[in-house]
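This report concerns only the one structure given below.
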Amino acid sequence: METRYCVFWIPSTGHKEPAILPKVKSNKRLARRTVDISDGYSAKNIPGQKVWLRTRIDVQNELKRDIRVTYLSEKKQNPRKFDKKDIVLEYIDACRNGMLLYKYRFNNSCPLELAIDKAMPFAVYHLIKGYFHEHEYHSEEKDSLLEAYIQPTRINIKKCDNEALIFYLKGFEEQFAFYNKTLRNNLYQTNEDCAKLKSKLDIDENNEAKEKSKLQREEDLANLYNIVQDKRKKYTTNALK
């Protein structure tokens, strides 16, 4: 058996320990969350096999907050039956910077338990945040951008500048750098597109001006022709008199 310690950072706008959302406490259905992980965490890599992760948090005891993580996969012979394995995340501690400390054990010779361990940094972490965090200022998928801090040794999350805090700050720094680079690239591309559009508009405008000038010349020539014809008629009429 191997042991892992997880520090899950829960996004918060206040300096307080993460708490289970009231709506999760009052609704047992919300205490169980499920995600389809068929594309990335299959223990058997069977083409077309459906695989799910399910988490269930203990809402009866606010101080305990253990979370059961279940791996479910369709049996190849009978898709109506499932291979199933559980791992329990044991709650240890919380702190006012939004961090939760959990521990779990898994058998590294069991493919199903290894699949849960592999899914812990992203898929499981994403499910767990939904118990403590409302998506007020962003869409839910934005919560999947950061990887969870998971190590074989326990740390003190209440210590200033602890390893998990530095890990998450670095993750945010990398995300901001990525956003900045993406923004700069988009701005550069937008400027290029605007320059191309302006050039095209200038060409169209010049062509339009030339076309108008041509039409004006044709109109002026037609008017001059009509004036000449009128004068010729008047001259001929006067001559016959």
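Just to be sure, is Tyr125 in contact with a Cys (Cβ under 6 Å, 6 or more places away or on another chain) and within 15 Å of Arg4 (Cβ to Cβ)? Working first, answer last.
Values: in contact with a Cys (Cβ under 6 Å, 6 or more places away or on another chain): no; within 15 Å of Arg4 (Cβ to Cβ): yes.
Spelling it out, it is not the case that Tyr125 is in contact with a Cys (Cβ under 6 Å, 6 or more places away or on another chain) and within 15 Å of Arg4 (Cβ to Cβ).
Answer yes or no: is there a residue in segment 138-146 that is at pLDDT 90 or above and aliphatic (A, V, I, L, M).
no
Give me the pairs: first residue in segment 31-53 and among the aromatic types (Phe, Trp, Tyr), second residue modelled with pLDDT of 65 or more and surrounded by 14 or more Cβ atoms within 10 Å (Cβ to Cβ), beta-carbon distance under 6 Å, and six or more apart or on different chains, which are they?
Short answer, once both residue conditions are applied: Tyr41/Ala115; Tyr41/Lys118; Tyr41/Ala119; Trp52/Leu72.
Against the definition (in contact with a His (Cβ under 7 Å, 6 or more places away or on another chain) and either free of Cβ contacts under 8 Å to residues at least 40 places away in the same chain or part of a loop (DSSP other than H, G, I, E, B) (or both)), how does Arg68 come out, yes or no?
Numbers: in contact with a His (Cβ under 7 Å, 6 or more places away or on another chain): no; either free of Cβ contacts under 8 Å to residues at least 40 places away in the same chain or part of a loop (DSSP other than H, G, I, E, B) (or both): yes.
No.
Just to be sure I understand the filter: pairs with C-beta atoms under 8 Å, separated by 6 or more residues or on different chains, first member in segment 1-27 and assigned to a helix (DSSP H, G or I), second member at pLDDT below 85. Which pairs pass?
Val24/Val59; Lys25/Val59
Any residue at all in segment 226-239 that's at negative phi, assigned to a helix (DSSP H, G or I) and modelled with pLDDT of 70 or more?
At the first step, the residues of segment 226-239 found to be at negative phi are 226-239.
Still in the list and also assigned to a helix (DSSP H, G or I): 226-239.
Then drop every residue that is not modelled with pLDDT of 70 or more, which leaves none.
The answer is no; no qualifying residue exists.
Residues Glu173, Glu211: which one is at pLDDT 75 or above, of a type in the set (Asp, Glu), assigned to a helix (DSSP H, G or I) and loosely packed, with under 12 Cβ neighbours inside 10 Å?
Numbers: Glu211 fails: at pLDDT 75 or above.
Residue meeting the stated conditions: Glu173.
Suppose we filter Tyr179, Tyr188, Tyr131 for residues that are in contact with a strand residue (DSSP E or B) (Cβ under 7 Å, 6 or more places away or on another chain), at pLDDT 65 or above and in a helix (DSSP H, G or I); which single one remains?
Working: Tyr179 fails: in contact with a strand residue (DSSP E or B) (Cβ under 7 Å, 6 or more places away or on another chain); Tyr188 fails: in contact with a strand residue (DSSP E or B) (Cβ under 7 Å, 6 or more places away or on another chain).
The match here is Tyr131.
The values are calculated or read from the model by the stated rules, or taken from the named source; none is laboratory data. As the structure is a computational prediction, the values presented were derived from the model and not from experiment. A quick note on method: Cβ atoms are made from the backbone with ideal geometry, for glycine too, and the neighbour counts reach across all protein chains shown.
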